[in-house]
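One structure below.
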Amino acid sequence: MLSQNSHFVFTMLTIFLVLPHSIFSNNVNAQIPLRRHLLSHESEHSAVIFDAGSTGSRVHVFRFDEKLGLLPIGNNIEFFMATEPGLSSYAKDPMAAANSLEPLLDGAERVVPQELQSETPLELGATAGLRMLKGDAAQKILQAVRDLVKNQSTFYSKDQWVTILDGTQEGSYMWVAMNYLLENLGNNYKSTTATIDLGGGSVQMAYAISKEQFEKAPKNEDGEPYVHQKHFMSKDYNLYVHSYLNYGQLAGRAEIFKASRNESNPCALEGYDGYYSYGGVDYKVQAPKTGSSWKRCRWLTRQALNIKAKCYNKNCTFNGVWNGGGGDGQKTIHASSFFYDIGAQVGIVDTKFPSALAKPIQYLNAAKVACHTNVADIKSVFPKTQDRNIPYLCIDLIYEYTLLVDGFGLSPHKEITVIHDVQYKNYLVGAAWPLGCAIDLVSSTSNKIIVASS
């Protein structure tokens, strides 16, 4: 119950907030409601992020306080909504593709206060699905989405914010999200963690490096920088990011099967004879008559990763890519996505917990068991193996070990954190690129948006 004095103060404050700003100003043209003025400059910011994937589209709405702390939306730390199929399913009908996002846009508008919508940035990042479309189909779909946002939404957006997300952006946003949730942003770069995100089609490595390393950093083969300067929570970071296209978990299988040239493959589980499909290509997968071999599978995987590619810089990871120079920003490592998923299937990770400490050698030890098990018996040894992954358990474990040790140069006994979610306040939050994108947007645009909207 409010006391009599508290009730009076509350009533007067309510009256004050709803009265037009012009009443309290000598400027007769000042018509901005005071509530909007206060929220814009002193209270909160939101961001609307669309993740347009190959199988479906998702919208995330995040809400931040003035110190960039996440605020709840209802009972959750974010608003999330998804729809199927993905934009790429409408390759011949760009308008239908854009219209498929209308329910998500409506959902976002329901949770962001109307008076804040013109100050709320909206970004859409399309991933694998649109990248694979032929001709100008992807660009026509993106333009239809831009028109939808412009004509049917009051959110603040720019044409360049509705685009196909490149791997470098994805890796950068992942680093931001992870370090934000771990409350590392705003600290010295030495206190941040490196991230390795193993997706299906690509793998991204990101970590902060010193100013001295940044000044000596080379550019990649396309002339693009390996290192990007970022500013978060009053701190500057030199962020090394590289995305290895076609070296994700699912793409890696294809590269290894391709390396065996349709002959029997030592990575295939004994007793398996079938095909693996990826990127519209079918690869023959058959175990040798002598059974699979983790040692020969390791050799083939190193070939697929192009470990011995010529290095034009001082140090490289694999396929001739500069490794960033190492340093304190790489002391701790958080590995996500397939590292967690495959680890959970073989007991390295307990899915009761959102993360686990692990060592690369554990993936190799599990691989030695999997590679010597008949395909018909794998479930009895690793009962949590997903059915669709049964034929590929040997290759997946070998690939992850080889990627970490031979590719990224980690010691087999280096302790890393394999992670799915991060405990943030009273919530479990997925460390994924949309959150990092939201933080980047709000950090870089909030003041500009406020000026433009005032």
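The values are calculated or read from the model by the stated rules, or taken from the named source; none is laboratory data. Bear in mind the structure is a predicted one, so any value in this text is a computation, not a measurement. With ideal geometry, Cβ positions are generated from the backbone for all residues, glycine too; neighbour counts draw on all protein chains shown. In case anyone asks, the SASA skips ligands and DNA or RNA and just uses the protein heavy atoms, side chains included. Shrake-Rupley method; radii C 1.70, N 1.55, O 1.52, S 1.80 Å.
Any idea what % of Cα-Cα pairs in region 231-295 are farther than 13 Å?
Above the 13 Å cut-off, region 231-295 has 69 percent of its Cα pairs.
Are there trypsin sites (Lys or Arg not before Pro) in region 370-415 that DSSP puts in a loop and that have at most 11 other Cβ atoms within 10 Å, and which ones?
Of the trypsin sites (Lys or Arg not before Pro), the ones in loops of region 370-415 whose Cβ has at most 11 other Cβ atoms within 10 Å are Lys384.
Between Ala370, Tyr226, Ile439, the Cα set farthest toward the positive side of the dipole of the chain (charges on each charged residue's Cβ, about the Cα centre) is that of Ala370. Calculated accessible area for region 69-108 comes out at 49 Å² per residue, all protein chains present (probe 1.4 Å; ligands, DNA, RNA ignored). Express in % the proportion of alpha carbon pairs of region 85-146 at distances exceeding 13 Å. Of the Cα pairs, 64 percent sit more than 13 Å apart. The share of accessible area on the chain that comes from carbon and sulfur is 49 percent, using a 1.4 angstrom probe.
For the chain, the dipole from Cβ point charges (+1 on Lys and Arg, -1 on Asp and Glu) about the Cα centre works out to 1160 debye, to the nearest 20.
Surface calculation, 1.4 Å probe, protein heavy atoms: His372 sits at approximately 120 Å² accessible.
Shape class of region 330-426 from the Cα gyration tensor (axes a ≥ b ≥ c, square roots of the eigenvalues): oblate, since a/c reaches 1.5 or more and a/b does not exceed b/c. Comparing the chain with the 2.2 N^0.38 Å rule of thumb, its C-alpha radius of gyration ratio is 1.11 (two decimals).
The stretch between Gln303 and Thr290, if pulled fully straight at 0.36 nm per residue, gains 2.5 nm over its current Cα-Cα span.
Once the chain from Glu224 to Glu44 is taken as fully extended at 0.36 nm per residue, the excess over their C-alpha distance is 61.3 nm.
Calculated mean residue ellipticity at 222 nm for the chain: -10000 deg cm²/dmol, from DSSP H runs with n ≥ 4 weighted as -39500 (n - 2.57), summed, divided by the residue count and rounded to 500. Placing unit charges on the Cβ atoms of the charged side chains and taking the dipole of region 178-325 about its Cα centre, the candidate lying farthest along the positive direction among Ala217, Thr317, Gly200 is Thr317.
Unpaired cysteine residues in the chain (no second Cys Cβ under 4.7 Å): Cys437. Each residue of region 219-232 was assigned a 3J(HN,Hα) from its phi angle through the Karplus expression (A = 6.51, B = -1.76, C = 1.60, θ = phi - 60°), giving 9, 7, 5, 8, x, 8, x, 7, 10, 10, 8, 10, 10, 9 Hz with x at Gly and Pro. Measure up Lys134/Lys289; Lys190/Lys219; Lys308/Lys368; Lys140/Lys211 against 30 Å on the Cα-Cα distance and list the ones that go over. Cα-Cα > 30 Å for Lys134/Lys289; Lys140/Lys211; rest within.
What the Cα atoms of region 185-270 give is an Rg and a Dmax of 17.8, 56 Å. What range in the chain is the longest one free of GluC sites (Glu not before Pro) that are in a loop by DSSP and have at most 16 other Cβ atoms within 10 angstrom? The longest such stretch corresponds to 264-414.
Within the P(r) computed for region 64-194, what percentage of the Cα pairs occupies the region above 25 Å? For region 64-194, the share of Cα pairs beyond 25 Å comes to 37 percent. Pairs of Cα atoms nearer than 8 Å and 6+ residues apart set the relative contact order; for region 30-170 it is 25 percent.
Here r is the Cβ-Cβ distance between Tyr312 and Asp106 and R0 is 45 Å; the resulting FRET efficiency, rounded to 0.05, is 0.35.
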